[in-house]
Structure formats: structure tokens, C-alpha cells
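Reading through the C-alpha cells given below for one structure.
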Amino acid sequence: EIPSITVDADLSENNPVSLLRMIAKIDVELSTTTVRNKFKLQSIYLYNYNDKGYLIPDADNWNNSQKVVIAPSIPASAQKRNIPLIYNGAAISAGVSCAGEMYAFEAASGSSSSLNNNTCLVIGGTFMEDTAPSYYRIDFVNESDFIPLLRNYYYQIKVSDIYCSGYASP
């Protein structure tokens, strides 16, 4: 929110405006030579994402002094979609990353007791000499705590190693 501004010849050029994106950005990268030698990234699935979001966060979920959201603002009518968004083909760069492609509405923190309902990623690709793709689930956690997806936050997933073939299907 900004105060009313009249745009005319007298307007100063120094009128900074802070913008707040209504979605979260998610990038995935195979971050080491070790993992890049073992795995070729081919697809990323985003599961259990919310199909709606608010343009403006709830006032209780906004820290005005720091200009950041502190909790997700999710419309009561939002539904988690169980059909994944799939990023593959041109969305995957050189078999090592997906950058600037994935955006999602805010989502509440997941939990270990409801894994099937948590917003999560599944990465797919070829491990070592396998002929069939392998799939690996990635939950949004910070150390051992599940974290929410928050608007205007950037979630950078860096895969540093993969030790064995994954699951046969996403």
C-alpha cells in the first residue's frame, strides 16, 4: 500500500515503491559435480498446491516493520490439488536445474502425520546407469521442522547428492 501519488511533471524521480509478490518462487538445482555425475534431472512435480491465493496478505500475517509475511494467508475456498503441476522439457535446463519456472500460492506447513496432504516436490530423472527414471520426494522442511510456503519468499532447493535409485513412479 502506498499513499496517493499524482504523476505529473513535478513528481520527484525518487519515489521508491516496495512490491510484494503474492506467490512463492521455487527453484531446484543439482548443486554439486558429484550429484550431476550420478543423476540427470528430467522432471519436477509440484503436489498438493493451493489453487487460490489472496492478492494481499491478512493483516495478522504481515510484519509491517520488517515488510515480510510471517504466516500464510489462504482463502477458505482454496483447495489442494492432488493432480500435480509438471515441469519438464524446456523447463529443465541441461538436466541440472529448473529455475524461474515454478511459482505457487501460499501453503500451510505440512506435518509428518499427513504426508499425503503436504505441499511437496517430486523430482524425477535417471540415476547412474538405470534405464528407467527414479523419483525422489522433497518436503519443505527447515532441518526437522515443516515450513509453510510464504508469498514473496524464494525457496531454493539444492540437491547435493543422491545415493541410490529412487521410487519407480512419482
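Length gained on full extension, MET22 to ASP161, computed as 0.36 nm times the residue gap minus the Cα-Cα distance: 46.8 nm. Computed over the chain with a Gaussian network model linking Cα atoms closer than 10 Å, the most mobile of ALA24, ALA108, ALA132 is ALA132. 3J(HN,Hα) along segment 120-125: 7, 10, 10, 9, x, x Hz, from the Karplus curve 6.51 cos²θ - 1.76 cosθ + 1.60 with θ = phi - 60°, whole Hz, x for Gly and Pro. A straight line joining the Cα centroids of segment 5-34 and segment 93-146 runs 26 Å. For segment 53-109, rounded, prolate or oblate, judged on the Cα gyration tensor with a ≥ b ≥ c (square roots of eigenvalues), a/c < 1.5 rounded, else prolate if a/b > b/c? Here segment 53-109 falls in the oblate category. The amide H of GLN42, built 1.01 Å from its N in the peptide plane, has GLY124, GLY125, THR126 as neighbours under 5 Å, considering only residues 5 or more places off or on other chains.
Close amide H partners of ILE157, meaning residues 5 or more places away or on another chain with modelled amide H under 5 Å apart, are ASP27, VAL28, GLU29. Considering only ASN48, ASN152, ASN116, the Gaussian network model of the chain with Cα springs below 10 Å gives its largest mean-square fluctuation to ASN116.
The dipole here belongs to the chain: it is taken about the Cα centre, uses +1 on the Cβ of Lys and Arg and -1 on the Cβ of Asp and Glu, and is about 520 debye. Applying a threshold of 22 Å to the alpha-carbon distances of LYS80/LYS158; LYS25/LYS52; LYS67/LYS158 flags LYS80/LYS158; LYS67/LYS158 as lying beyond it.
Normalised per residue, the accessible area of segment 20-94 is 57 Å², obtained with a 1.4 Å probe and no contribution from ligands, DNA or RNA. When you count the other C-beta atoms within 10 angstrom of each residue and take the mean per peptide, 25-31, 65-71, 124-130 line up highest first as 25-31, 124-130, 65-71. Of the three principal axes defined by the Cα atoms of the chain, the extents in descending order read 66, 38, 27 Å.
Applying 1/(1 + (r/R0)^6) with r as the Cβ-Cβ distance of GLU143 and VAL68 and R0 = 30 angstrom yields a FRET efficiency of 0.90.
The values are calculated or read from the model by the stated rules, or taken from the named source; none is laboratory data. Here the structure is a predicted model, which means the values were calculated and not measured. Every residue, glycine among them, receives a Cβ derived from its backbone with ideal geometry; neighbour counts consider all protein chains shown. The accessibility values were calculated without ligands, DNA or RNA, using every heavy atom of the protein model including side chains. Shrake-Rupley method; radii C 1.70, N 1.55, O 1.52, S 1.80 Å.
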